[in-house]
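The values are calculated or read from the model by the stated rules, or taken from the named source; none is laboratory data. On a predicted model such as this, the values are computed, not experimentally measured, just so you know. Here Cβ is always computed from backbone atoms with ideal geometry, including for glycine, and neighbour counts include all displayed protein chains.
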Amino acid sequence: MQKQVLLCPDSVVLERAAKKNAVVSEGALSKQLVYAEPSEKLDLGKLVNATNGEVKVFLADYSEQAKLPVHLIIPSVASYLALHISNNEVDAPQVNTLLKTWQSYFEACKQLLLMHPDAFVAKGISVSAHINIREAAQHALNNDDALLQLHEDWSTFVAKKDRALRPLNKYLSELGADLREVARLRSEVERLCGERDDIERKYIDELKLSASELAELKSENELLLLQIAQLQEELEEVYLKGQSREKEAQGEIARLEAEIESSSASKGKQDELETENELLLLQIAQLQEELEHYFLEYNKAIAGSKPKKPKGPKNQIMILQSSIEHGNERLTIRIKNLHVGERTFNLFDLSIGAKRVRDDGFSNLGVLELRVLPGKKAPLQDWKPNKRDRWGRKLYLEVSKQPEIHQKTQVEKLSLQDRKFLRELLALISEGADNISLNGAKLNRPMQHWQSLLLDMSTALDAN
């Protein structure tokens, strides 16, 4: 009985996909195949052992009279990285080398699948990838359009062949549509905010306008604020709809996983479904993260567009968001009518983070993040941001009572006036911790832990 031939990109994938007693041989694929008429006899040897082959491959149980079709083992980008990075420590040069290998291998396999669909079939492979590897794979796809297109083609050849995954593809498509709608609404908000800024400049440049003209401009501004409020309602509706669809998708995934566990299908079939579930979960998580980001950015834009009201109680502190990332915890805080020394702000946003969190509380290492405030106002007199992420430039400081050299250097770059301002700001938040408005946020740790961390950071800034 002839055995099924497997074709893999390297020995690591072959060892995972092939049986232990398989006969292993090496071959080569060409990325420049010449089209052959359907009437011509298929020469399998020339295809998998091409004389001008640029892509080295490994074959299991290959012979000249091999049983067709040949199974092309093509893992996803995340699965391929997980197979080769055993310690879950992501190294950028290694990741780039692996991605180039995967890209060349899939391009060669894609030609075989398109030109000889009866002789070759694509098969996935299931690998549980660490979150560091999944994030590295997603980062590479987000920053390389060519790689992203190839991965979408991979999904067409491998992921979408199974009927059981079609409901998930539908949910994913709907979530993508929601995200595009969020982007459209965000663009509309930015346009309206720009128009509002133009109207405000008219007020400044034309102070001698007649009473009737001023009333007309005021009416236009009120209309813009009404439109912004309407857009906010639409955005919240889309956001809630996206959360509902994510829950539906999670339920569908759980149902499919239960079916896979109870099914008597072959192990290879289950591995393919698990691989596709991992891919869809990664994509859903990415969409949810971007949706939440746009929602927060939109709220910041709305806060910046509202008429300024300098009067009111001083130092009203509220928590906008509480989050946990890779074992670290962070609070996003907003202070209304902030008064610290001679400095005043209508709105002041900052993030406080706790690193190296222990079970019994926080360590003495805290993180302070500042960004440009609403109205494009700098949070410090000597504003020198030192990092950039997908939301823009920011000042990132690690503050500790026993700082390392690079941490101490970053703090010393601040002017004495700005360092004093931050020290008093952290002390103010710590002292007012009992009156902080949670604003619907749920804290993972008691407020006393954050109060102690803020006080330690304030003291550390004084020591530095």
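Structure above, values below:
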| quantity | calculated |
| --- | --- |
| Considering residues of segment 100-123 that are charged (D, E, K, R) and modelled with pLDDT of 90 or more only, the residue surrounded by the fewest Cβ atoms within 10 Å (Cβ to Cβ) | K100 |
| Counted residues, segment 411-448 - those being surrounded by fewer than 17 Cβ atoms within 10 Å (Cβ to Cβ) and either of a type in the set (S, T, N, Q) or under 29 Å from the mean Cα position of the chain (by Cα) (or both) | 15 |
| Hey, T97 at pLDDT 90 or above, among the β-branched types (V, I, T) and loosely packed, with under 15 Cβ neighbours inside 10 Å or not | yes |
| Segment 347-362 residues that are closer than 16 Å to S452 by Cα and assigned by TED's automatic domain parsing to the domain that holds W391, paired with ones that are surrounded by 18 or more Cβ atoms within 10 Å (Cβ to Cβ) and at pLDDT below 85 (beta carbon under 7 Å, 6 or more apart) | A354/F362 |
| Subset of segment 72-94 (residues that are surrounded by 19 or more Cβ atoms within 10 Å (Cβ to Cβ) and not aliphatic (A, V, I, L, M)) | P75, S76, S79, Y80 |
| L454, sole failed condition from (1) aliphatic (A, V, I, L, M); (2) farther than 15 Å from L331 by Cβ; (3) touching a residue at least 60 places away in the same chain (Cβ under 8 Å) | (2) |
| Selection count where residues are surrounded by 17 or more Cβ atoms within 10 Å (Cβ to Cβ) and without any contact (Cβ under 8 Å) to a residue 12 or more places away in the chain, scope segment 363-380 | 0 |
| Residues (within 27 Å of the chain's Cα centre (by Cα) and either under 20 Å from D43 (Cβ atoms) or among the aromatic types (F, W, Y) (or both)) located in segment 96-124 | W102, Y105, F106 |
